[in-house]
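Take a look at the structure below.
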Amino acid sequence: KNQVEQSPQSLIILEGKNCTLQCNYTVSPFSNLRWYKQDTGRGPVSLTIMTFSENTKSNGRYTATLDADTKQSSLHITASQLSDSASYICVVPAYSGAGSYQLTFGKGTKLSVIP
Amino acid sequence: NAGVTQTPKFQVLKTGQSMTLQCAQDMNHNSMYWYRQDPGMGLRLIYYSASEGTTDKGEVPNGYNVSRLNKREFSLRLESAAPSQTSVYFCASSEKVLAGGAYNEQFFGPGTRLTVL
């Protein structure tokens, strides 16, 4: 069964500190992996999309890594800010037949950045 | 551009009542989706529309119907609401349905928080 597992479930860090969120997936065949940020009461917003040939991709203070061999990805946040408080969701498209894919969502990591 | 808009933002229903959730996008996207998000679970696909005039079931379609009114609008209807349908509903759109190795980005609306008593 296609699955996306994230850890930790929640995380509290001090403002200015770094943190790393983990994602393990069992989706096959693999096409790409996405990280979304979801603020409380809002819809998810894409942070980055990585294909199997990309090991690292940065978007400002966010850096995503991908190891397609071990089927693991991480999202590293540098110099955290209060506005980084949100849920971070790992998403992998899963083949649904007839040449199309549907997104498989992880449960997310709830990050709280405190002053 | 407003992106993806959803109405209403909040709704409370009694068991057995019906209602329609509205979604519209102004990005000229071909594909639209309805998801539900429940505590402790990832988003799950209810229905999607690959293009105007087509709709297909997703992972959890039971108890729902959809209508792709035109290219811009995609509505979700609950004919007889049940407490199990209490959830946050998100509409999303993309240029086209994911295919092959393509990675069409999905853009999400702000959500509708539905409570069924």
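Among A:Thr51, A:Thr65, A:Thr104, which one shows the highest mean-square fluctuation when chain A is modelled as a Gaussian network with alpha-carbon springs under 10 Å? Its mean-square fluctuation being the largest, the pick is A:Thr51.
For chain B, relative contact order (Cα pairs under 8 Å, six or more residues apart, normalised by length) works out to 35 percent. Restricting the calculation to alpha carbons of the range B:32-117 gives Rg and Dmax of 12.9, 43 angstrom. Only aspartates and glutamates eight or more places from A:Lys17 in sequence, or on another chain, were considered; those with a Cα closer than 15 Å are A:Asp84. Label separation (A:Ile114 vs B:Asn30): 4.9 nm, computed from points 7 Å beyond Cα along the C-beta direction.
Across peptide A:9-15, the mean count of Cβ atoms from other chains lying within 10 Å of each residue's own Cβ comes to 0.
By the rule of a second cysteine Cβ within less than 4.7 angstrom, the protein assembly as shown holds isolated cysteines at A:Cys19.
When only alpha carbons are used to place a centre, the range A:59-115 and the range B:21-66 end up 21 Å from one another.
Taking label points 7 Å from Cα along the Cα-to-Cβ direction, A:Ser53 and A:Leu14 give a separation of 4.4 nm.
A crude spin-label estimate for the pair B:Leu117 and A:Thr70, with each label 7 Å from Cα along the Cβ direction, gives 5.2 nm.
Working ranking of peptides B:19-32, A:8-21 by packing, defined as the average number of other Cβ atoms within 10 Å per residue, highest first, is B:19-32, A:8-21.
In this Cβ point-charge picture (+1 for Lys and Arg, -1 for Asp and Glu), the range A:1-105 has a dipole of about 140 debye about its Cα centre.
Our summary gives chain A a relative contact order of 36 percent, counting only alpha carbon pairs under 8 angstrom and 6 or more residues apart. When the Gaussian network model of chain A links Cα atoms closer than 10 Å, the mean-square fluctuations of A:Val91, A:Val27, A:Val45 top out at A:Val45.
Can you tell me how the range A:34-112 classifies by the Cα gyration tensor, rounded, prolate or oblate, using a/c under 1.5 as the rounded cut? Oblate, since a/c reaches 1.5 and b/c is not below a/b. Quick one: which bits of the range A:41-61 get at least 20 Å² less accessible when the partner protein chains are in, versus the chain alone, with a 1.4 Å probe? The answer is A:Gly41, A:Gly43, A:Pro44, A:Ser46, A:Ile49, A:Thr51. The charge dipole of chain B, taken about the Cα centre with unit charges on the Cβ atoms of Lys, Arg (+1) and Asp, Glu (-1), comes to about 260 debye, rounded to the nearest 20.
Mean partner shielding of peptide A:101-111, defined as the number of other chain Cβ atoms within 10 Å of each residue Cβ, is 5. Evaluating 6.51 cos²θ - 1.76 cosθ + 1.60 at θ = phi - 60° for every residue in the range A:82-94, the Karplus couplings come out as 4, 6, 7, 4, 4, 9, 10, 10, 9, 9, 10, x, 10 Hz, glycine and proline recorded as x.
Calculated FRET efficiency, B:Asn65 to A:Gln22, Cβ-Cβ distance, R0 = 35 Å: about 0.35 to the nearest 0.05. Could you pull out every one of the lysines with an alpha carbon less than 18 Å from that of A:Lys71, ignoring same-chain neighbours closer than 8 positions? The reachable lysines, counting only those whose Cα sits under 18 Å from A:Lys71, are A:Lys1, A:Lys57, A:Lys107. Protection proxy ranking of B:2-11, B:85-94, by the mean of other Cβ atoms within 10 Å over each peptide's residues and highest first, is B:85-94, B:2-11.
The values are calculated or read from the model by the stated rules, or taken from the named source; none is laboratory data. Not measured: the values here are computed from a predicted model. Positions of Cβ are generated from backbone atoms using ideal geometry, with glycine treated the same way; all protein chains shown enter the neighbour counts. Please note that ligands, DNA and RNA were not included when accessible areas were found on the heavy atoms of the full protein model with its side chains. Shrake-Rupley method; radii C 1.70, N 1.55, O 1.52, S 1.80 Å.
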